[in-house]
Amino acid sequence: MAGYKVRMDASTADPEMELQQCIVCGKRPEPGQRFHVCSRCVREVSPRYCSEACLRQYVERGRHTRAMCERGRKLYVYDLRVRGNPHAVKYLLGWMSEDSFFKRQRQKQQAILREIEDYGHRTEVAVSPEVASFETDRLYCLVAMSSLSTRGHPDRQPPCDTGALLYDKSVVYPSYQLFPLTAPNPRLNSNGPPRLSPELSVLCGQRVAAVLSTTIAAFLDMAARGLPVAVYPFINCDNRTNIVVDVLFWRKILCRVPDHGNCRSVSYLFDLTPYSVVICAVSFAASRVFGKGKRPSEKLLRDEWRKEIEWEINNIKGLPETIDRICHELALQRDSQPRKLGHRKQKAALNAAVSQLKADFLEAALAYTDQYRRNVIEYIKPGLIDESLAEVTGMTEAEVQRIEAEVGKAEFMPYTKRLMAAVPPAYAPELDGPLVTLADGKQVCEADLLLSTQEFI
Ligand SMILES: [Zn+2]
Ligand SMILES: [Zn+2]
Ligand SMILES: [Zn+2]
């Protein structure tokens, strides 16, 4: 993996010892002594602190925030991917050094392979990758490994802290291997699947394939040593949400692994899981046949907004009646002078006035969508993103020009104008907290300090 220093078993003599010592000052506990853990954290995940002062220092540095206690809990207790793997969670939260984590991970992998060895029966192992940021500022690849066994697997004993899941006919380690795919970059932080350009997805995909080749080689070596292990020839990818993993299949990338037992190399194919093929097939069919949904061009068309508004009005309970009643009252008010019209003509005039008011109402609503469209167009124009408006929306240049002309005259609402003209204050104590003077004499507010110490800015 180019650009990454994975120093095998370097400085860290014993990762477990490192986890017992104070994460702030490095002090080690006396024999039989255990340092404090955070009361909000899951015990297994919390860093250890020799003193209240060290804990406070860490909290102040933004390295142990309340949100992180929560994230740790979420990951360790509920996230099926890293559940029950305290080291992976600590590493993701920045509470375990990279060297230590990798060393501990290798130790656990060896324990897992020993368990397979001890199991004695023939097993087929399979790996499958996933790419996620875990709400951190970099992308990680997580490799799940499953090992088939006889029904009920009464004689299997997965090592602890590996997050092993026991299914009816297999043992699955969802976080068998975790490694970073990218350098830190705040733009990568997301709750959902990573959003990368196709080019960067391919780059990451190739990294995933390279690491997986080494992972599979360990199993082939076991087989070469005469152990009853076979490797499933396909690597499962789930592309429901994951463009990086998707790319492995569509680019027909292979994992080529030397098989020392047979003195040749074996190829493993990436394949999509049936479930993800079904989901993609259905959403493809939906956009093909119904043509509805997310086409961005629709958001630029006045008639689409008109339909949208009419639909909403008619589907909000009581709203059509309310609009009808208010329009009637208004029409009657405006037409209070008695005129010399017959009763029927008067009624027709009233109905016409009501219709006009309703049309004005819809037009006023559409004027709002006009300013929305104008803003979207101006937003995309200055080259903030790589694509042109026509490319983003899938429209022709001529269509785009027509819409630009249509909304060029749209007036922004007074509220919107004020919003656009607003200049934020350089310092707002109520939001920024007190000012802190740094060693170089520069002043920075607490909110910014927290963000910069957390490398968000
Ligand atoms: Zn300490
Ligand atoms: Zn905590
Ligand atoms: Zn070998």
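The values are calculated or read from the model by the stated rules, or taken from the named source; none is laboratory data. As the structure is a computational prediction, the values presented were derived from the model and not from experiment. Glycine gets a Cβ as well: all are built from the backbone with ideal geometry, and neighbour counts include every protein chain shown. Note: accessible area is taken over every heavy atom of the protein model, side chains too, but ligands, DNA and RNA are not part of it. Shrake-Rupley method; radii C 1.70, N 1.55, O 1.52, S 1.80 Å.
Structure above, values below:
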{"item": "Ellipticity estimate at 222 nm from DSSP helix runs (n ≥ 4, -39,500 (n - 2.57)) divided over the chain, nearest 500", "result": "-14000 deg cm²/dmol"}
{"item": "Heavy-atom surface of the range 15-282, accessible at 1.4 Å and reported per residue (Å²)", "result": "49 Å²"}
{"item": "Leading residue at positive end of dipole, the chain (Cβ point charges), from 129, 353, 452", "result": "353"}
{"item": "Inter-label distance for residue 66 and residue 346, nm, one decimal - labels placed 7 Å from Cα along Cα-to-Cβ", "result": "6.7 nm"}
{"item": "Cross-link partners of residue 347 among aspartates and glutamates (Cα-Cα below 18 Å; sequence separation of 8 or more within a chain)", "result": "324, 329, 335"}
{"item": "Förster radius 30 Å - calculated FRET efficiency between residue 307 and residue 74, Cβ distance, rounded to 0.05", "result": "0.15"}
{"item": "Fraction of accessible area attributable to carbon and sulfur, the chain (%, probe 1.4 Å)", "result": "56 percent"}
{"item": "Largest-first ordering by accessible area, 1.4 Å probe, given options 78, 140", "result": "78, 140"}
{"item": "Tensor-based shape of the range 15-282 (alpha-carbon gyration tensor, a/c under 1.5 rounded, otherwise prolate or oblate)", "result": "oblate"}
{"item": "Fully extended contour minus Cα-Cα distance, from residue 210 to residue 436, at 0.36 nm per residue", "result": "76.7 nm"}
{"item": "Computed over the chain: relative contact order in percent, which uses C-alpha pairs under 8 Å that are six or more apart", "result": "10 percent"}
{"item": "Segment residue 411-residue 361, extension gain: residue separation times 0.36 nm, minus the distance between their alpha carbons", "result": "16.3 nm"}
{"item": "Two-decimal log10 I(q)/I(0) for the chain, as the Debye equation yields it once each C-alpha is a single scatterer, q = 0.10, 0.12 Å⁻¹", "result": "-0.97, -1.17"}
{"item": "Heavy atoms of residue 263 accessible to a 1.4 Å probe, total area in Å² rounded to 10", "result": "120 Å²"}
